[in-house]
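Novice: I'd like to ask some things about the structure below.
The values are calculated or read from the model by the stated rules, or taken from the named source; none is laboratory data. These numbers were taken from a predicted model, which means no experiment stands behind them. Glycine also receives a Cβ, built like all others from the backbone with ideal geometry; neighbour counts cover every protein chain displayed.
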Amino acid sequence: MLQTVTAQETGEMSAFEIAQAQIDAVGDRLGVDSDLLEILKKPTRELTVNFPVKMDDGTIRVFTGYRVQYNQVLGPFKGGIRYHPDVTLEEVRALAAWMTWKCAVIGLPYGGAKGGVIVDVKELSPREIERITRRFTSEISIIIGPHKDIPAPDVYTDAQVMAWIMDTYSMIMGYSVPGVVTGKPPIIGGSSGREEATSRGVLYTTRQAAMILGLDLAKARVVIQGYGNVGYNAARLFHEEGGSKIVAVSDSRGAIRDKEGLDPLAVKAHKDETGSVAGFPGAEPITPKELLAEKADVLIPAALSGWITADNVDAVQTRIIAEGANGPTTPDADQVLFERDITVIPDILCNAGGVTVSYFEWVQSLQQFFWSLEEVKQRLEEIMVKAFDRVWEMAQEENVDMRTAAYMVAMKKIVRAYEIRGIYP
Ligand code: GLU
(Lines give C-alpha, C1' and ligand atoms only; values in the text may rest on other atoms or scores of the structure.)
Protein backbone atom coordinates (compact mmCIF):
# COMPACT_ATOMS: atom_id res chain seq x y z
CA MET A 1 0.00 0.00 0.00
CA LEU A 2 1.36 3.38 -0.89
CA GLN A 3 1.25 6.69 0.89
CA THR A 4 1.98 9.95 -0.90
CA VAL A 5 4.89 10.71 1.40
CA THR A 6 6.15 8.42 4.13
CA ALA A 7 6.57 9.38 7.77
CA GLN A 8 10.35 9.06 7.61
CA GLU A 9 10.40 11.62 4.84
CA THR A 10 8.34 14.27 6.62
CA GLY A 11 10.25 14.98 9.85
CA GLU A 12 10.18 18.74 10.32
CA MET A 13 9.18 19.55 6.76
CA SER A 14 7.44 22.81 5.93
CA ALA A 15 4.05 22.87 4.17
CA PHE A 16 5.68 23.58 0.83
CA GLU A 17 8.33 20.90 1.25
CA ILE A 18 5.47 18.49 1.94
CA ALA A 19 3.71 19.72 -1.21
CA GLN A 20 6.90 19.15 -3.23
CA ALA A 21 7.45 15.69 -1.75
CA GLN A 22 3.86 14.79 -2.66
CA ILE A 23 4.57 15.81 -6.28
CA ASP A 24 7.73 13.67 -6.38
CA ALA A 25 6.04 10.63 -4.85
CA VAL A 26 3.05 10.70 -7.17
CA GLY A 27 5.19 11.63 -10.17
CA ASP A 28 7.44 8.63 -9.56
CA ARG A 29 4.46 6.36 -9.22
CA LEU A 30 2.98 7.60 -12.50
CA GLY A 31 6.36 7.49 -14.22
CA VAL A 32 6.27 11.23 -15.01
CA ASP A 33 9.37 12.61 -16.67
CA SER A 34 11.70 14.18 -14.06
CA ASP A 35 12.01 17.43 -16.07
CA LEU A 36 8.26 17.86 -15.93
CA LEU A 37 8.29 17.18 -12.18
CA GLU A 38 10.81 20.00 -11.78
CA ILE A 39 8.31 22.37 -13.43
CA LEU A 40 5.49 21.19 -11.17
CA LYS A 41 7.61 21.59 -8.04
CA LYS A 42 8.04 25.36 -8.54
CA PRO A 43 5.55 28.24 -8.60
CA THR A 44 5.37 30.19 -11.86
CA ARG A 45 5.22 33.66 -10.29
CA GLU A 46 5.34 35.14 -6.80
CA LEU A 47 4.55 38.72 -5.90
CA THR A 48 5.39 40.15 -2.47
CA VAL A 49 3.94 43.56 -1.67
CA ASN A 50 4.58 45.90 1.27
CA PHE A 51 1.99 48.62 1.43
CA PRO A 52 1.07 51.51 3.76
CA VAL A 53 -2.42 51.87 5.23
CA LYS A 54 -3.82 54.77 7.22
CA MET A 55 -5.33 53.42 10.45
CA ASP A 56 -8.38 54.92 12.21
CA ASP A 57 -6.18 56.72 14.74
CA GLY A 58 -4.29 58.54 11.98
CA THR A 59 -1.10 56.45 12.19
CA ILE A 60 0.28 54.61 9.18
CA ARG A 61 1.07 50.88 9.26
CA VAL A 62 2.94 48.95 6.60
CA PHE A 63 1.44 45.54 5.79
CA THR A 64 2.94 42.65 3.83
CA GLY A 65 0.95 40.51 1.41
CA TYR A 66 1.56 37.85 -1.23
CA ARG A 67 0.03 36.48 -4.40
CA VAL A 68 1.54 33.24 -5.65
CA GLN A 69 0.54 32.07 -9.13
CA TYR A 70 1.51 28.44 -9.10
CA ASN A 71 0.60 26.87 -12.41
CA GLN A 72 -1.64 27.81 -15.34
CA VAL A 73 -1.37 24.90 -17.74
CA LEU A 74 -5.08 24.04 -17.34
CA GLY A 75 -6.37 27.62 -17.37
CA PRO A 76 -6.25 31.00 -15.59
CA PHE A 77 -4.83 31.08 -12.06
CA LYS A 78 -7.48 30.66 -9.35
CA GLY A 79 -7.47 30.69 -5.57
CA GLY A 80 -8.44 32.51 -2.42
CA ILE A 81 -6.89 35.30 -0.38
CA ARG A 82 -6.48 34.82 3.38
CA TYR A 83 -5.98 37.36 6.14
CA HIS A 84 -4.13 35.88 9.10
CA PRO A 85 -1.25 36.90 11.40
CA ASP A 86 0.58 33.62 10.64
CA VAL A 87 0.57 33.98 6.84
CA THR A 88 3.99 33.31 5.28
CA LEU A 89 5.14 33.24 1.66
CA GLU A 90 6.08 29.62 2.13
CA GLU A 91 2.57 28.68 3.29
CA VAL A 92 0.89 30.67 0.51
CA ARG A 93 3.11 28.82 -1.95
CA ALA A 94 1.94 25.43 -0.60
CA LEU A 95 -1.69 26.56 -0.67
CA ALA A 96 -1.24 27.74 -4.29
CA ALA A 97 0.20 24.34 -5.25
CA TRP A 98 -2.77 22.60 -3.58
CA MET A 99 -5.20 24.84 -5.55
CA THR A 100 -3.53 23.59 -8.73
CA TRP A 101 -4.25 19.95 -7.85
CA LYS A 102 -7.70 20.83 -6.50
CA CYS A 103 -8.86 22.43 -9.75
CA ALA A 104 -7.36 19.58 -11.77
CA VAL A 105 -8.92 16.76 -9.74
CA ILE A 106 -12.38 18.33 -10.08
CA GLY A 107 -11.85 19.03 -13.78
CA LEU A 108 -12.16 22.83 -13.62
CA PRO A 109 -10.47 24.85 -16.40
CA TYR A 110 -8.16 26.62 -13.94
CA GLY A 111 -4.63 26.63 -12.68
CA GLY A 112 -3.81 27.31 -9.03
CA ALA A 113 -2.95 30.44 -7.05
CA LYS A 114 -3.25 31.79 -3.52
CA GLY A 115 -2.86 35.08 -1.74
CA GLY A 116 -2.43 36.23 1.83
CA VAL A 117 -1.93 39.31 3.96
CA ILE A 118 -0.20 39.18 7.35
CA VAL A 119 -2.87 40.76 9.52
CA ASP A 120 -5.06 40.00 12.51
CA VAL A 121 -8.53 41.17 11.46
CA LYS A 122 -9.81 40.77 15.02
CA GLU A 123 -7.78 43.86 15.98
CA LEU A 124 -9.13 46.04 13.16
CA SER A 125 -12.25 48.07 12.39
CA PRO A 126 -14.27 47.35 9.21
CA ARG A 127 -12.97 50.61 7.70
CA GLU A 128 -9.37 49.53 8.31
CA ILE A 129 -10.04 46.11 6.73
CA GLU A 130 -11.56 47.92 3.75
CA ARG A 131 -8.50 50.16 3.31
CA ILE A 132 -6.12 47.18 3.62
CA THR A 133 -8.17 45.27 1.04
CA ARG A 134 -8.31 48.15 -1.42
CA ARG A 135 -4.59 48.91 -1.19
CA PHE A 136 -3.62 45.22 -1.41
CA THR A 137 -5.88 44.85 -4.47
CA SER A 138 -4.26 47.87 -6.06
CA GLU A 139 -0.79 46.35 -5.45
CA ILE A 140 -1.69 42.97 -6.98
CA SER A 141 -3.88 44.47 -9.75
CA ILE A 142 -0.88 44.20 -12.08
CA ILE A 143 -1.20 40.41 -12.14
CA ILE A 144 -4.90 39.64 -11.48
CA GLY A 145 -7.81 39.88 -13.93
CA PRO A 146 -10.84 37.88 -15.12
CA HIS A 147 -8.74 35.99 -17.66
CA LYS A 148 -5.47 36.01 -15.70
CA ASP A 149 -5.98 35.28 -12.03
CA ILE A 150 -9.27 35.26 -10.13
CA PRO A 151 -9.13 35.60 -6.31
CA ALA A 152 -11.82 34.36 -3.91
CA PRO A 153 -12.53 34.17 -0.16
CA ASP A 154 -10.40 32.10 2.20
CA VAL A 155 -9.59 32.23 5.93
CA TYR A 156 -10.95 35.50 7.44
CA THR A 157 -12.01 37.00 4.10
CA ASP A 158 -15.65 37.07 3.00
CA ALA A 159 -18.14 38.36 0.41
CA GLN A 160 -17.69 41.96 1.62
CA VAL A 161 -13.92 41.76 1.11
CA MET A 162 -14.55 40.36 -2.39
CA ALA A 163 -16.88 43.30 -3.13
CA TRP A 164 -14.08 45.73 -2.22
CA ILE A 165 -11.63 43.82 -4.43
CA MET A 166 -14.11 43.90 -7.32
CA ASP A 167 -14.79 47.62 -6.83
CA THR A 168 -11.11 48.58 -6.53
CA TYR A 169 -10.09 46.60 -9.61
CA SER A 170 -13.06 48.08 -11.54
CA MET A 171 -12.09 51.64 -10.54
CA ILE A 172 -8.53 51.02 -11.78
CA MET A 173 -9.82 49.67 -15.11
CA GLY A 174 -12.47 52.36 -15.48
CA TYR A 175 -15.36 49.91 -15.96
CA SER A 176 -17.13 47.24 -13.92
CA VAL A 177 -15.30 43.89 -13.95
CA PRO A 178 -17.37 41.37 -11.96
CA GLY A 179 -15.37 38.39 -13.29
CA VAL A 180 -12.15 39.46 -11.53
CA VAL A 181 -13.19 37.85 -8.26
CA THR A 182 -15.59 35.15 -7.03
CA GLY A 183 -17.44 34.85 -3.74
CA LYS A 184 -18.97 38.32 -4.27
CA PRO A 185 -22.38 39.25 -2.86
CA PRO A 186 -25.14 38.22 -5.37
CA ILE A 187 -26.26 41.86 -5.87
CA ILE A 188 -22.99 42.60 -7.73
CA GLY A 189 -22.78 39.33 -9.66
CA GLY A 190 -22.08 36.70 -6.99
CA SER A 191 -23.54 33.23 -7.40
CA SER A 192 -26.39 31.81 -5.38
CA GLY A 193 -25.04 29.22 -2.99
CA ARG A 194 -21.38 30.32 -3.06
CA GLU A 195 -21.12 31.03 0.65
CA GLU A 196 -22.14 27.51 1.71
CA ALA A 197 -20.56 25.80 -1.33
CA THR A 198 -17.42 24.48 0.37
CA SER A 199 -19.49 22.88 3.13
CA ARG A 200 -22.01 21.53 0.65
CA GLY A 201 -19.13 19.81 -1.16
CA VAL A 202 -17.95 18.38 2.17
CA LEU A 203 -21.47 17.00 2.70
CA TYR A 204 -21.72 15.47 -0.79
CA THR A 205 -18.31 13.78 -0.65
CA THR A 206 -18.86 12.54 2.91
CA ARG A 207 -22.25 11.17 1.87
CA GLN A 208 -20.58 9.19 -0.93
CA ALA A 209 -17.93 7.84 1.43
CA ALA A 210 -20.55 6.91 4.03
CA MET A 211 -22.62 5.09 1.43
CA ILE A 212 -19.63 3.03 0.30
CA LEU A 213 -18.58 2.28 3.88
CA GLY A 214 -22.13 1.31 4.88
CA LEU A 215 -22.52 4.17 7.34
CA ASP A 216 -25.90 5.87 7.69
CA LEU A 217 -25.28 9.63 7.60
CA ALA A 218 -28.68 10.22 9.19
CA LYS A 219 -27.45 8.38 12.27
CA ALA A 220 -23.92 9.74 12.15
CA ARG A 221 -22.31 11.73 14.94
CA VAL A 222 -20.21 14.59 13.59
CA VAL A 223 -17.36 16.58 15.19
CA ILE A 224 -16.24 19.88 13.65
CA GLN A 225 -13.03 21.80 14.34
CA GLY A 226 -13.48 25.47 13.41
CA TYR A 227 -16.72 27.46 13.27
CA GLY A 228 -16.01 29.98 10.51
CA ASN A 229 -17.71 29.87 7.11
CA VAL A 230 -16.79 26.23 6.40
CA GLY A 231 -17.29 24.82 9.91
CA TYR A 232 -20.58 26.57 10.60
CA ASN A 233 -22.13 25.76 7.22
CA ALA A 234 -20.97 22.15 7.51
CA ALA A 235 -22.66 21.91 10.92
CA ARG A 236 -25.85 23.39 9.48
CA LEU A 237 -25.94 21.27 6.32
CA PHE A 238 -24.97 17.97 8.01
CA HIS A 239 -27.72 18.69 10.55
CA GLU A 240 -30.43 19.94 8.15
CA GLU A 241 -29.78 17.87 5.04
CA GLY A 242 -27.71 14.96 6.29
CA GLY A 243 -29.84 14.41 9.40
CA SER A 244 -26.60 13.93 11.39
CA LYS A 245 -25.99 14.89 15.01
CA ILE A 246 -23.37 17.58 15.59
CA VAL A 247 -21.88 16.38 18.89
CA ALA A 248 -18.89 18.71 19.32
CA VAL A 249 -17.56 21.90 17.72
CA SER A 250 -14.73 24.34 18.36
CA ASP A 251 -13.23 27.64 17.30
CA SER A 252 -9.92 29.37 18.06
CA ARG A 253 -11.20 30.34 21.53
CA GLY A 254 -12.77 27.12 22.82
CA ALA A 255 -14.61 23.83 22.26
CA ILE A 256 -17.98 22.44 23.34
CA ARG A 257 -19.76 19.08 23.41
CA ASP A 258 -23.36 17.95 23.62
CA LYS A 259 -23.87 14.23 23.17
CA GLU A 260 -27.57 14.83 22.42
CA GLY A 261 -26.60 17.08 19.51
CA LEU A 262 -26.00 20.82 19.20
CA ASP A 263 -28.30 23.23 17.34
CA PRO A 264 -25.91 24.74 14.72
CA LEU A 265 -27.94 27.94 14.26
CA ALA A 266 -28.14 28.60 17.99
CA VAL A 267 -24.37 27.99 18.33
CA LYS A 268 -23.76 30.47 15.50
CA ALA A 269 -26.01 33.08 17.15
CA HIS A 270 -24.05 32.59 20.39
CA LYS A 271 -20.74 33.00 18.55
CA ASP A 272 -21.97 36.16 16.79
CA GLU A 273 -22.96 37.60 20.14
CA THR A 274 -19.98 36.60 22.27
CA GLY A 275 -17.18 36.04 19.75
CA SER A 276 -16.88 32.29 20.42
CA VAL A 277 -18.75 28.97 20.55
CA ALA A 278 -17.34 28.61 24.08
CA GLY A 279 -19.87 29.15 26.84
CA PHE A 280 -22.82 28.00 24.70
CA PRO A 281 -25.60 27.38 27.23
CA GLY A 282 -26.27 23.72 27.98
CA ALA A 283 -23.09 22.43 26.31
CA GLU A 284 -20.16 20.92 28.14
CA PRO A 285 -16.84 22.79 27.74
CA ILE A 286 -14.06 20.54 26.41
CA THR A 287 -10.42 21.00 25.41
CA PRO A 288 -9.27 20.94 21.76
CA LYS A 289 -7.56 17.63 22.60
CA GLU A 290 -10.86 16.12 23.75
CA LEU A 291 -12.54 17.38 20.59
CA LEU A 292 -10.06 15.51 18.40
CA ALA A 293 -10.51 12.37 20.52
CA GLU A 294 -14.32 12.50 20.55
CA LYS A 295 -16.00 9.15 19.78
CA ALA A 296 -18.00 9.88 16.64
CA ASP A 297 -18.39 8.83 13.00
CA VAL A 298 -17.16 11.85 11.06
CA LEU A 299 -14.46 14.37 11.99
CA ILE A 300 -14.39 17.58 9.95
CA PRO A 301 -11.25 19.73 10.33
CA ALA A 302 -12.44 23.16 9.14
CA ALA A 303 -9.74 25.55 10.37
CA LEU A 304 -6.03 25.85 9.58
CA SER A 305 -3.40 23.42 8.29
CA GLY A 306 -1.31 21.00 10.34
CA TRP A 307 -3.90 20.07 13.00
CA ILE A 308 -3.75 16.27 12.85
CA THR A 309 -0.12 15.24 13.33
CA ALA A 310 1.92 12.19 14.35
CA ASP A 311 1.61 13.42 17.95
CA ASN A 312 -2.19 13.41 18.20
CA VAL A 313 -3.37 11.10 15.41
CA ASP A 314 -3.65 8.05 17.68
CA ALA A 315 -6.46 9.76 19.58
CA VAL A 316 -8.72 10.02 16.50
CA GLN A 317 -11.82 7.82 16.94
CA THR A 318 -13.90 8.46 13.80
CA ARG A 319 -14.42 6.30 10.74
CA ILE A 320 -14.16 9.22 8.31
CA ILE A 321 -12.10 12.42 8.26
CA ALA A 322 -13.57 14.96 5.84
CA GLU A 323 -11.02 17.72 5.22
CA GLY A 324 -12.95 20.99 5.04
CA ALA A 325 -9.69 22.87 5.67
CA ASN A 326 -6.61 22.90 3.43
CA GLY A 327 -3.74 20.71 4.65
CA PRO A 328 -5.14 19.78 8.09
CA THR A 329 -3.40 16.38 8.17
CA THR A 330 0.38 15.95 8.02
CA PRO A 331 1.74 13.09 5.88
CA ASP A 332 2.98 11.09 8.86
CA ALA A 333 -0.48 11.30 10.45
CA ASP A 334 -1.94 10.29 7.09
CA GLN A 335 0.06 7.11 7.14
CA VAL A 336 -1.24 6.15 10.59
CA LEU A 337 -4.82 6.84 9.51
CA PHE A 338 -4.35 4.70 6.43
CA GLU A 339 -3.00 1.82 8.50
CA ARG A 340 -5.96 2.17 10.89
CA ASP A 341 -8.37 2.05 7.93
CA ILE A 342 -9.77 5.51 8.66
CA THR A 343 -11.01 7.02 5.41
CA VAL A 344 -9.56 10.47 4.80
CA ILE A 345 -11.42 12.44 2.12
CA PRO A 346 -8.50 14.66 1.10
CA ASP A 347 -8.78 18.46 1.08
CA ILE A 348 -8.24 18.87 -2.66
CA LEU A 349 -11.38 16.78 -3.21
CA CYS A 350 -13.41 17.28 -0.04
CA ASN A 351 -13.38 21.10 0.13
CA ALA A 352 -13.43 21.71 -3.64
CA GLY A 353 -17.12 22.68 -3.57
CA GLY A 354 -15.98 26.27 -2.91
CA VAL A 355 -13.87 26.66 -6.00
CA THR A 356 -16.41 24.69 -8.04
CA VAL A 357 -19.16 27.22 -7.29
CA SER A 358 -16.51 29.94 -7.82
CA TYR A 359 -16.18 28.52 -11.32
CA PHE A 360 -19.99 28.68 -11.72
CA GLU A 361 -19.87 32.28 -10.50
CA TRP A 362 -17.10 33.21 -12.92
CA VAL A 363 -19.04 31.69 -15.84
CA GLN A 364 -22.16 33.62 -14.76
CA SER A 365 -20.18 36.86 -14.30
CA LEU A 366 -18.62 36.58 -17.76
CA GLN A 367 -21.99 35.79 -19.36
CA GLN A 368 -24.06 38.14 -17.18
CA PHE A 369 -26.62 35.34 -17.06
CA PHE A 370 -27.52 33.90 -13.69
CA TRP A 371 -28.54 30.49 -12.40
CA SER A 372 -31.05 29.52 -9.71
CA LEU A 373 -29.88 28.07 -6.39
CA GLU A 374 -31.42 24.75 -7.41
CA GLU A 375 -29.31 24.70 -10.57
CA VAL A 376 -26.14 25.51 -8.62
CA LYS A 377 -26.80 22.74 -6.09
CA GLN A 378 -27.63 20.17 -8.73
CA ARG A 379 -24.54 20.90 -10.84
CA LEU A 380 -22.33 20.99 -7.75
CA GLU A 381 -23.61 17.61 -6.56
CA GLU A 382 -23.07 16.09 -10.00
CA ILE A 383 -19.47 17.34 -10.19
CA MET A 384 -18.52 16.44 -6.60
CA VAL A 385 -19.99 12.93 -6.79
CA LYS A 386 -18.28 12.27 -10.12
CA ALA A 387 -14.90 13.49 -8.81
CA PHE A 388 -15.30 11.47 -5.61
CA ASP A 389 -16.14 8.30 -7.55
CA ARG A 390 -13.17 8.78 -9.89
CA VAL A 391 -10.77 9.20 -6.95
CA TRP A 392 -12.30 6.26 -5.06
CA GLU A 393 -11.96 4.09 -8.15
CA MET A 394 -8.31 5.13 -8.58
CA ALA A 395 -7.62 4.34 -4.91
CA GLN A 396 -9.07 0.84 -5.36
CA GLU A 397 -7.31 0.19 -8.66
CA GLU A 398 -3.93 1.32 -7.37
CA ASN A 399 -4.38 0.12 -3.79
CA VAL A 400 -3.54 3.56 -2.37
CA ASP A 401 -5.15 6.03 0.04
CA MET A 402 -7.57 8.63 -1.33
CA ARG A 403 -5.06 11.50 -1.11
CA THR A 404 -2.56 9.68 -3.30
CA ALA A 405 -5.37 8.72 -5.67
CA ALA A 406 -6.59 12.33 -5.89
CA TYR A 407 -3.05 13.51 -6.72
CA MET A 408 -2.76 10.81 -9.35
CA VAL A 409 -6.01 11.88 -11.05
CA ALA A 410 -4.89 15.54 -10.93
CA MET A 411 -1.34 14.95 -12.09
CA LYS A 412 -2.42 12.82 -15.05
CA LYS A 413 -4.49 15.74 -16.35
CA ILE A 414 -1.74 18.29 -15.81
CA VAL A 415 0.88 16.11 -17.48
CA ARG A 416 -1.41 15.52 -20.46
CA ALA A 417 -1.95 19.28 -20.81
CA TYR A 418 1.83 19.87 -20.81
CA GLU A 419 2.31 17.19 -23.45
CA ILE A 420 -0.27 18.83 -25.69
CA ARG A 421 0.70 22.47 -25.08
CA GLY A 422 4.44 21.84 -25.16
CA ILE A 423 7.10 24.05 -23.63
CA TYR A 424 7.39 27.64 -24.91
CA PRO A 425 9.35 28.75 -26.95
N1 GLU B 1 -10.31 29.50 -0.79
C2 GLU B 1 -11.06 28.39 -1.32
C3 GLU B 1 -10.18 27.17 -1.46
O4 GLU B 1 -9.19 27.03 -0.79
C5 GLU B 1 -11.80 28.78 -2.60
C6 GLU B 1 -10.93 29.20 -3.74
C7 GLU B 1 -11.71 29.75 -4.92
O8 GLU B 1 -12.93 29.74 -4.88
O9 GLU B 1 -11.07 30.20 -5.86
O10 GLU B 1 -10.52 26.26 -2.17
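Novice: Please note which helices (runs of 4 or more DSSP H) are completely contained in the stretch 1-54 and include at least 1 residues that are touching a Pro at 6+ places or on another chain (Cβ under 7 Å), modelled with pLDDT under 95 and crowded, with 17+ Cβ neighbours inside 10 Å.
Specialist: Per the criteria, 7-10, 15-30.
Novice: Taking the criterion of being touching a residue at least 40 places away in the same chain (Cβ under 8 Å), more than 22 Å from ILE150 (Cα to Cα), more than 14 Å from the ligand (Cβ to nearest atom) and not in a helix (DSSP H, G or I), would at least one residue in the stretch 372-390 satisfy it?
Specialist: For the stretch 372-390, residues touching a residue at least 40 places away in the same chain (Cβ under 8 Å), more than 22 Å from ILE150 (Cα to Cα), more than 14 Å from the ligand (Cβ to nearest atom) and not in a helix (DSSP H, G or I): present.
Novice: Then there's this: Across the stretch 164-198, what is the total count of residues that are more than 21 Å from ARG127 (Cα to Cα), away from the ligand (no atom under 12 Å from the Cβ) and among the charged types (D, E, K, R)?
Specialist: Of the residues in that region, 1 qualify.
Novice: Suppose we keep only residues that are of a type in the set (S, T, N, Q) and under 22 Å from the mean Cα position of the chain (by Cα) within the stretch 366-425. Which one would you say is farthest from ILE321 (Cα to Cα)?
Specialist: Across the stretch 366-425, the extreme among qualifying residues is GLN378.
Novice: What do you reckon, is PHE388 touching a Leu at 6+ places or on another chain (Cβ under 9 Å) and over 23 Å from MET408 (Cα atoms)?
Specialist: Judged against the criteria, PHE388 is not a match.
Novice: Next question, about the same structure. Looking at the stretch 57-71, can you tell me whether even one residue there is assigned to a strand (DSSP E or B), surrounded by fewer than 24 Cβ atoms within 10 Å (Cβ to Cβ), at pLDDT 95 or above and within 13 Å of the ligand (Cβ to nearest atom)?
Specialist: no
One line per residue, one yes/no per condition, for (1) in contact (Cβ under 8 Å) with a residue 40 or more places away in the chain; (2) surrounded by fewer than 24 Cβ atoms within 10 Å (Cβ to Cβ); (3) closer than 21 Å to ILE212 by Cβ:
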site: SER305; (1), (2), (3): yes, yes, no
site: VAL313; (1), (2), (3): no, yes, no
site: THR318; (1), (2), (3): yes, yes, yes
site: ILE342; (1), (2), (3): no, yes, yes
site: ILE345; (1), (2), (3): yes, no, yes
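Novice: Which one of VAL155, VAL161 is touching a Lys or Arg at 6+ places or on another chain (Cβ under 9 Å), under 10 Å from TYR83 (Cβ atoms) and within 16 Å of the ligand (Cβ to nearest atom)?
Specialist: VAL155
Novice: In addition: For ILE144, are the conditions met, namely being in contact (Cβ under 8 Å) with a residue 24 or more places away in the chain and away from the ligand (no atom under 16 Å from the Cβ)?
Specialist: Judged against the criteria, ILE144 is not a match.
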